[in-house]
1. Can you list the HN-Hα couplings for the stretch 267-281, worked out from phi with the Karplus curve (6.51, -1.76, 1.60; θ = phi - 60°), rounded to whole Hz and with x for Gly and Pro?
2. Mind pulling up the Rg/Rh value for the stretch 254-353? Radius of gyration and Kirkwood radius, both on Cα.
3. Let me see the pair-distance distribution of the stretch 1-96: every alpha carbon pair, 5 Å bin width, integer percents in order.
4. What ratio of Cα Rg to 2.2 N^0.38 Å holds for the stretch 78-138?
5. Give, in nm to one decimal, the length gained when the segment between Asn90 and Ser23 is fully stretched (0.36 nm per residue of separation minus the Cα-Cα distance).
6. Pairs of Cα atoms under 8 Å, at least six residues apart: use those to get the relative contact order of the stretch 16-153, whole percent.
7. Toward the positive end of the charge dipole of the chain, about the Cα centre and with charges on Cβ (Lys, Arg +1; Asp, Glu -1), which of Ile60, Ala12, Met89 goes farthest?
8. Can you tell me which of 252-262, 74-84, 138-148, 113-123 comes out highest on packing, and rank the rest after it, using the mean Cβ neighbours within 10 Å?
Amino acid sequence: MKKLRVLIIGAAFSADLHSDGYSRILDKVDIVGICDRNTDAIKSLAQRYGFEGFEAYDDIDTAIANCDCDLVDICMPNFLHHDVAIKAMNAGRDIICEKPLATTVEDAKDMVDTAAKLGKHIYYAEDWLFAPAFRKAISLIESGQLGKMLYVRARECHSGSHSPFAQTIKYCGGGCMVHLGVHPVTFMLAMKDNKWSEISAMTSGGGENNILHHKMEGEDWSGAFMRFDDGTYATLEANYITVGGMEDILDVYCEKGTIHVDLSFSGPVKVFSIPGLDYTIEKAEVTTGWSNVAVDEKYSLGYCGEINHFVDCALAGKDAQVGLRGIDGYETLRVINLIYKSAHEGVNIKNKK
Ligand SMILES: NC(=O)c1ccc[n+]([C@@H]2O[C@H](COP(=O)([O-])OP(=O)(O)OC[C@H]3O[C@@H](n4cnc5c(N)ncnc54)[C@H](O)[C@@H]3O)[C@@H](O)[C@H]2O)c1
């Protein structure tokens, strides 16, 4: 069987999430190149996941020009997504791009248009849609057993990004809504096939106006109300003021039933430790006393399923499912920018059809 040849660009946090996924399907994927200007990060990533026989590159242009691959997986800071994607597609490669698709709606549009012009695929890395617990919720909704969906409340929140680029809008595109809110927004748009009608939002505003993170240019708290074409309402929230570990929460209210999913904290393993543990769950500040300990965290959060889906689609020359295509990354960024517009200008936004 033909294997998919992948070049991973960026060898840090998100590359680790993706590599866990690749390492479980080495029967259908070959990691043929890894690029990062920090070559120690390349070595340690490869060692953690047992990748061998790949080329290591410290320069993006050289990697794209010289690496004989089918797909380029972009695990780089947000401001580099657009340029790297355009170069990779022009070199004849499909791409996986981490969220958000770009830092501006214009750049995201350019990526989608370039893919269409060149006949290449953009696989937009949205892990929520592959988290097994969220997939269970989706299948229950789709089964019709709970009746019509009426209202969804969804949020991703934690105490702040580890990345220095996340502090400056030019490098990242905004605050917690673009970094974290991107997940609930894409989730809802995918549930409703991008058919929304109205947005009303508020954010903490960024910088001095923030609740806690005054040195961060983007907002540290944000909430949006959305109405969809079929009449479903949603409250979508993201913030950086949540200590105690990352919260990924989904509540779905239907005519004949309700679903609650607590993705990060609902695992079956609770541990009490006096000295503390090496690790419990993402973004937990302390590990002493009683902790929830994640079980196969990257799988439960959806990264492994997402990577497996992209590899299958790229091998078959197909688009990803709704929610994980380039166009979905573009629609998400467009909605997030309208959330910012609504919050900054204090206006209610109607979708122009
Ligand atoms: N889906 C998720 O839940 C999730 C989680 C974390 C991050 N992300 C996304 O992943 C992307 C990357 O984030 P991260 O946290 O992995 O970033 P990071 O800052 O941890 O790592 C980026 C890597 O890129 C390398 N790099 C930066 N500029 C370079 C250049 N010009 N040439 C070569 N190497 C360069 C750095 O050395 C670093 O190792 C971001 O877009 C982020 O939004 C997604």
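Rule-based calculations on the coordinates, nothing more; no lab input. Source: prediction; values computed, not measured. In this analysis, Cβ positions are derived from the backbone assuming ideal geometry, glycine residues included, and neighbour counts consider all displayed protein chains.
1. Ordered by residue, 3J(HN,Hα) equals x, x, 9, 10, 10, 9, 9, 6, x, x, 10, 5, 7, 10, 9 Hz.
2. For the stretch 254-353, the value is 1.12.
3. 3, 15, 29, 28, 18, 7, 1, 0
4. Cα Rg divided by the expected 2.2 N^0.38 Å: 1.25.
5. 21.4 nm
6. 16
7. Met89
8. With the highest mean Cβ count within 10 Å placed first, the list reads 74-84, 113-123, 252-262, 138-148.
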